[in-house]
Amino acid sequence: VRKIVIGLLGAGNVGTGVVRILQENQADIERRLGGAVAVKKVLVRDPSRSREMVADELLTDNPAEILEDPEVRVVVELIGGIEPAYTYVMEALSRSKHVVTANKALMAVKGRELFAEAARRGVSINFEAAVAGGIPILRALREGLASDRIEKITGIVNGTSNYILDAMTRTGARYEEALAQAQEAGFAEADPTLDVGGGDAAQKLALLTLLGFGARVSVDDISTEGITRVRPFDIQAADELGYVIKHLAQAVRTPEGLILRVHPALVPKGSIMAGVHGAYNAILVESRAMGRSLYHGRGAGPMPTGMAVVSDIIELCRSVFAFDSGRPPPEAFARVEDVKPRPLDDERHENYLCVHVTNVPGILGRVATCLGTNGVSIKRLQQDPQGPGTPVDMVIVTEAIDEADLTAALQRVDELDAVQAPTHRFRIVDPDPLESR
Ligand SMILES: NC(=O)c1ccc[n+]([C@@H]2O[C@H](COP(=O)([O-])OP(=O)(O)OC[C@H]3O[C@@H](n4cnc5c(N)ncnc54)[C@H](OP(=O)(O)O)[C@@H]3O)[C@@H](O)[C@H]2O)c1
């Protein structure tokens, strides 16, 4: 049997899944590939600790044993973070080894340098697992939809955030309680900042933008908001208005440029995104010829993510065997255009507002005036009846309004004496409107 030798950098959650799939599916993989995949070495920090799936003699803490071994044709990076992953992947590429990685941070931040080096050496870098774990969304954009023009991508791409919002919606739990539950169930890291702050989703959106729109954006240029400000009150109020709060990552093509946003949003109950539960991910792609297509499944976990990594390995091994691959040449990524997302100022949305006021006479009129003078029309208003002088949360749904006008209006609202705290605002987004379903 023909054989391709690979080296793994990292044997944690995903690394273990990769080794398990390579072992358990060995016969199928050999048949589909027309050859075998052999893991020669596995880099870890602590090789003295035995691993569930990996033979002790394969473990090493010396990266040179993989990176400098001429027999190793494919290096699989599953360490995570920027360094030392970047140095190791660069080293592998510069020695003309193909690379597979699940590392979204690395690809979103250092993609330019890595693609350039891969192009220079005539090798590939595959990263399917970096976006939405097991869901083959990058493959769908790159292959299945290769002939189409992508107009819009809307994703729930952070399983931790979705798990937390879903738990808050189902049980009425506070954010902190739902986060603790997610951590207990293994769906949130001990330090969840990158997930709940929206940074992880922004990195994935940058990669979706690269594949879907052929544009390279800096993660720092993506307007990003996490889920930490969402309160049970907002979820309850949204429910009464007919919405569910979801954490969305969205890329939209407009004549003036790309809109890129990551934020919690109210989506209509009964819409596709409202039906994405637990730690699941979903990506709704809107393209000109195809219309809407949905990609839904488990966006993390050793086996789904490991599966995506092994599929990338198989694709590379096929091309190594055949010297003839369906993959785009690495130049395709190396020559991608740098793009600044367009400012969001003139973007129009309906909005959910929660104004924290002291219930004094005339307050409703004053809030309405601040909104009205900036062109913000009120579509719905809810206010719990309370005695005079008590704090009240006034819930307002606005008609569609420009971001800039809304920002100006909210600034004036928040300056009112009776307003106790900055007004809470989430966009209302319907990527799957009922009339077009
Ligand atoms: N977990 C998921 O569900 C998931 C989903 C999609 C993508 N990803 C991505 O997959 C990658 C791996 O995630 P993971 O959850 O598998 O991470 P993990 O469980 O923390 O595993 C990391 C592995 O890398 C090794 N490692 C870390 N730093 C190292 C260093 N400086 N030198 C050598 N080895 C080092 C660790 O060695 P020790 O074992 O000795 O500590 C461990 O085996 C990340 O980029 C992550 O974003 C993960």
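The values are calculated or read from the model by the stated rules, or taken from the named source; none is laboratory data. Just so it is clear, the structure is predicted and the values come from calculations on it, not from any experiment. Counting neighbours? That spans all protein chains shown, and the Cβs are built from the backbone with ideal geometry, glycine included.
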If Val429 passes every condition in (1) in contact (Cβ under 8 Å) with a residue 24 or more places away in the chain; (2) surrounded by fewer than 13 Cβ atoms within 10 Å (Cβ to Cβ); (3) touching a strand residue (DSSP E or B) at 6+ places or on another chain (Cβ under 9 Å) but one, which one does it miss? (2)
Taking the criterion of being of a type in the set (D, E, K, R), assigned to a strand (DSSP E or B) and within 16 Å of the ligand (Cβ to nearest atom), would at least one residue in the stretch 296-317 satisfy it? yes
Can you find, within the stretch 70-88, the residue that is surrounded by the fewest Cβ atoms within 10 Å (Cβ to Cβ) among those that are away from the ligand (no atom under 11 Å from the Cβ) and within 24 Å of Ser311 (Cβ to Cβ)? Glu71
Exactly one of Val14, Val5, Val75, Val37 is in contact with a His (Cβ under 9 Å, 6 or more places away or on another chain) and touching a residue at least 60 places away in the same chain (Cβ under 8 Å), and that residue is Val75
What are the pairs with Cβ atoms under 7 angstrom where one residue, in the stretch 123-146, is more than 13 Å from Ile283 (Cβ to Cβ) and the other, located anywhere, is at pLDDT below 95 and within 12 Å of the ligand (Cβ to nearest atom)? Sequence gap at least six, or different chains. none
Go through (1) of a type outside the set (S, T, N, Q); (2) touching a Cys at 6+ places or on another chain (Cβ under 7 Å); (3) within 29 Å of Lys110 (Cβ to Cβ) one by one and return the number of the condition Leu211 breaks. (2)
If you check Leu344, Leu284, Leu248, Leu266, which single one turns out to be more than 16 Å from the ligand (Cβ to nearest atom), part of a loop (DSSP other than H, G, I, E, B) and under 30 Å from Gly197 (Cβ atoms)? Leu344
Let me confirm something: among Thr169, Thr154, which residue is among the polar types (S, T, N, Q) and farther than 26 Å from Thr305 by Cα? Thr169
Right, Cys354: modelled with pLDDT under 95 and of a type outside the set (Asp, Glu) or not? no
Unmet requirement for Ala92, which otherwise passes all of (1) within 12 Å of the ligand (Cβ to nearest atom); (2) under 19 Å from Ile313 (Cβ atoms); (3) in contact with a His (Cβ under 9 Å, 6 or more places away or on another chain): (1)
Residues that are of a type in the set (Val, Ile, Thr) and either closer than 18 Å to Glu65 by Cβ or touching a Ser or Thr at 6+ places or on another chain (Cβ under 6 Å) (or both), drawn from the stretch 1-17: Ile4, Val5, Ile6, Val14
Within the stretch 44-69, how many residues are surrounded by fewer than 10 Cβ atoms within 10 Å (Cβ to Cβ) and at pLDDT 95 or above? 3
Single residue of Ala173, Ala105 found to be part of a helix (DSSP H, G or I) and either surrounded by 23 or more Cβ atoms within 10 Å (Cβ to Cβ) or not polar (S, T, N, Q) (or both): Ala105
Over the stretch 195-244, the set of residues farther than 21 Å from Ala421 by Cβ and either in a loop (DSSP other than H, G, I, E, B) or without any contact (Cβ under 8 Å) to a residue 12 or more places away in the chain (or both) is Gly198, Gly214, Val217, Ser218, Asp220, Ile222, Gly242
Every pair of residues 6+ apart whose Cβ atoms lie under 9 Å, when the first sits in the stretch 167-183 and is over 14 Å from Ile227 (Cβ atoms) while the second is of a type in the set (Asp, Glu): Thr171/Glu177; Gln183/Glu189
Check whether at least one residue in the stretch 300-314 is within 30 Å of Arg73 (Cα to Cα), of a type in the set (S, T, N, Q) and buried (at least 21 other Cβ atoms within 10 Å of the Cβ), and report yes or no. yes
Would you say Thr228 is of a type in the set (Ser, Thr, Tyr), within 15 Å of Ala274 (Cα to Cα) and touching a helix residue (DSSP H, G or I) at 6+ places or on another chain (Cβ under 8 Å)? no
Only one of (1) free of Cβ contacts under 8 Å to residues at least 60 places away in the same chain; (2) within 13 Å of the ligand (Cβ to nearest atom) fails for Gln23. Which number is that? (2)
Inspect all residues belonging to the stretch 182-193 and state whether any of them is within 28 Å of Leu344 (Cβ to Cβ), under 19 Å from the mean Cα position of the chain (by Cα), surrounded by fewer than 19 Cβ atoms within 10 Å (Cβ to Cβ) and not β-branched (Val, Ile, Thr). no
For the stretch 38-62, name all the residues that are more than 7 Å from the ligand (Cβ to nearest atom) and not in a strand (DSSP E or B). Pro47, Ser48, Ser50, Arg51, Glu52, Met53, Val54, Ala55, Asp56, Glu57, Leu58, Asn62
